[in-house]
Every structure is written in C-alpha cells, then in structure tokens.
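The values are calculated or read from the model by the stated rules, or taken from the named source; none is laboratory data. Computed from a prediction, not measured in an experiment: that's the story for all the values here. Because the Cβ atoms are built from the backbone with ideal geometry, glycine has one as well, and the counts that use them run over all protein chains shown. Calculation scope for accessible area: heavy atoms of the full protein, side chains included, ligands and nucleic acids excluded. Shrake-Rupley method; radii C 1.70, N 1.55, O 1.52, S 1.80 Å.
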Amino acid sequence: MRARTEFGHGASAGPGVPIPRQRQAPVAGPRQEYLDAFGEADDVFRPRAAGTLRASGAPVDPYATATRRDPDAETAHGAEEPPPTGRPAQAKGGKGRAFTGIAAAAVTTVLAVIVAGQVTDVQDEGDARSQSAADQARDVRDSASRTDRRPTPSTPAGVATLTYEQKMGEKYPLSAELKGSGRFDAVPGIDQAPGAGQKFTYRVDIEQGLGLDGELFAQAVQKTLNDDRSWAHNGARTFERVYSGKPDFVITLASPGTTAVWCAKSGLDTTVDNVSCDSAATERVMINAYRWAQGSKTYGDKIHAYRQMLINHEVGHRLGHSHVTCDKDGDLAPVMQQQTKFLDHDGIHCRANPWPYPGS
C-alpha cells in the first residue's frame, strides 16, 4: 500500500514540488470547546474498543459531519475516502455555529458506536430473535401480499362438491318431534316454466331454523313437477317458481309441529303418522321436514325417490286428486296412494312409485 504524505497548505519547495510538513504532536485530550458543547452527564469521549465499526463496516470517522453529503462520493462506488487533512477549522460564523457542528459530529459518532455495537452483538450471537420490529412488520406485509395474490379456492382442497343427485340421495338429521318457530323465509330466485302447457306459479318457503338446504328443496320441486313423468306429462302443464307476487300455491318445508298447525287449519290431522298435507283452506302445500330429511320405512334407503313422491302426492291434492290404492298384487302404487303409511293392503302388495305417469 502506498505511503501517504501530508502536505502543508499553499507552500511548496519549488514549482510543482510540495514541501513535506511536520506531523503535529498528538493532542493530550479533548479541546475545551468540545467539552463546553456538552453537559456534565454527556461523556461522549469515553475510550472506545479498538476496531469498532459503523453498521456499514467502515471505521468511525470522528470528523464526518452530520448533514453534509458528497454526491460524487456517493456515486463513485468502491472509491476509497481520502483521509482527513487536519483538524476541522472553526466556522467564520462564530463560536455558536462551530459548537453546533462539533456537537452534531460528536452525536453522530456516539450513535454510530451504539448501532455498531448492536450489529456486532447480533452477528456474534446469531440469535434469530433479534429480528427488528421493522423487519417483522415487513415480513407480515410480504406474507399478506403473497397470500392476497394467490387465488382462494371456492371448495377446500380434498373436499368434493356433491351433485344434485348425491344430495338428494342423502338423509339428514332432524327430530320427529321438532316444532319450529312457525316463521318462514321464501327461497330466493325464480325458475321459469319450461313448457307451453297450463302454467302454475308457486313460491317455495322454508321454516326458519330447520338447518336444511332450502335451495336444494326448491331445485327438487322444480325438477320434479316439470318432469314428463309428473303432472307436466305430455306438456299438459308447466310449473314456474316465483319469489314475490301472488302465486297459485306456496309449497312449504316445515317442522312436524308447524306442519300439524297448518294442516289443522284445513281439518287434517298429521300427528298420527307424522305425515305431510295439502292445507286446501290456505295457500300452503305442507311438506313435513322430518319426512323430507329421514324418509319412511316403505321406501327404505330410496330417499331420492321418496322425496319425489312427497312433492307429487301433495301437489296432486292441490290439483284436485284424491287418495287411491293399487288393485293388483305386484303393481306399482299410484302416486296418490298414502305410500308413507303403507304399500300393502288387503293382501295386495304394491311397489313403491313416485310418479303420476311412471311409464313415460
């Protein structure tokens, strides 16, 4: 490394030849103006351990100013800073300004020593818990940003979405003795009539607090009634679900207790076998939620077919059809037979059937 030579200011031994300058003897202690700039409690000139670094790793420069920055030095990456050429001169603006600059330099030095000590401690200990609050906040923001950028799946991973047929093939828990609030909510949405026959409009209501899928129930009603095996056979009728206005009837899914109350309005007792009814004196066709959820012994595990039978049977009453039974052993039971209660009668065995026109 090249030896550095200090020169005097403005003097030379000849043209272009600088005159070497004698090094001044080291100062025994801090100058009085430094001491005057601080209070008695500000001991900023305590001896520091040798080799103390700034956070950047460069030796502490006690002559650096607190505010002035050299643009050329900032842009010249890797350039070595020139050494100080002597003690800083007192500013011409008076003793106060000189002391201000000196105090700022001293404070900067103290802060640099503190930061350097903290950095050294972190590097030596390697403790992950020393992460600063700013870094932790940045990690949280980065994590949130990464999370926000990822699409959120509509269905949890590994959970399959059930089809309509699968939902209609499942039984659901519901007590045979449940009596609900008696308050109903209309299932939102409409389903236009698909055919050109005589149109019937209906609304779907579900009792509050049942815990059953009202949309599934509404979908089942629309699909069932407009099936060619149902009352829409050969295009004679078509059924349209509405959400407001005055429909021809309101098909209502209600607890056993509430079903009994509404059926009693039309002189019908549904409590004996816990069945459904068409409450003809009112606008409501009542579907017993216990039967919808659990089915009947006559249908066993064929819960989908049983639900279709419930809808067709009670709407059949609304259309003017009465109870009938099968007449021949082994025949399909008519949809207007009370299939929830029985399939066999008078020594005749009838087969379960959910459709008015099953041969279609």
**OP:** Determine which member of the set Asn274, Asn288, Asn312 is of a type outside the set (Asp, Glu), modelled with pLDDT of 95 or more and on the phi > 0 side of the Ramachandran plot.
**Re:** Asn274
Original post:
In the list Asp228, Asp213, which residue meets the criterion of being surrounded by fewer than 18 Cβ atoms within 10 Å (Cβ to Cβ) and within 13 Å of Pro194 (Cα to Cα)?
Top reply: Asp228
Original post:
So Leu216 clears everything in (1) at pLDDT 95 or above; (2) in a loop (DSSP other than H, G, I, E, B) except one condition, right? Which one?
Top reply: (2)
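Looking only at residues that are in a loop (DSSP other than H, G, I, E, B) and in contact with a strand residue (DSSP E or B) (Cβ under 6 Å, 6 or more places away or on another chain) in region 244-254, which one is most open to solvent (accessible area, probe 1.4 Å)?
We begin by selecting, within region 244-254, every residue in a loop (DSSP other than H, G, I, E, B); these are 244-248.
Now restrict to residues that are in contact with a strand residue (DSSP E or B) (Cβ under 6 Å, 6 or more places away or on another chain): 247-248.
On the way: Pro247: 12, Asp248: 83 Å².
The qualifying residue most open to solvent (accessible area, probe 1.4 Å) is Asp248.
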**OP:** Mind telling me which of the residues Asp278, Asp327, Asp346, Asp301 ends up being acidic (Asp, Glu), under 24 Å from Leu210 (Cα atoms) and surrounded by fewer than 17 Cβ atoms within 10 Å (Cβ to Cβ)?
**Re:** Asp301
Original post:
Out of the residues in region 255-275 that are of a type in the set (A, V, I, L, M, F, W, C) and not in a helix (DSSP H, G or I), which is most open to solvent (accessible area, probe 1.4 Å)?
Top reply: Val272
Original post:
Out of Arg291, Arg307, which single residue is touching a residue at least 40 places away in the same chain (Cβ under 8 Å), open to solvent by 10 Å² or more (accessible area, probe 1.4 Å), in contact with a helix residue (DSSP H, G or I) (Cβ under 8 Å, 6 or more places away or on another chain) and within 12 Å of Lys171 (Cα to Cα)?
Top reply: Arg291
Original post:
In region 194-207, how many are at pLDDT 95 or above and surrounded by fewer than 15 Cβ atoms within 10 Å (Cβ to Cβ)?
Top reply: 3
**OP:** Any residue in region 166-193 that's under 14 Å from Leu212 (Cα atoms) and open to solvent by 40 Å² or more (accessible area, probe 1.4 Å): show its pairings with residues that are of a type in the set (Gly, Ala, Ser) and assigned to a loop (DSSP other than H, G, I, E, B) at Cβ separation under 9 Å, as long as the two are six or more apart or on different chains.
**Re:** Lys171/Gly295; Tyr172/Gly211; Pro173/Gly211; Ser175/Ser255; Leu178/Ser255
Original post:
Is region 271-284 home to any residue that is in contact with a Leu (Cβ under 8 Å, 6 or more places away or on another chain) and of a type in the set (D, E, K, R)?
Top reply: no
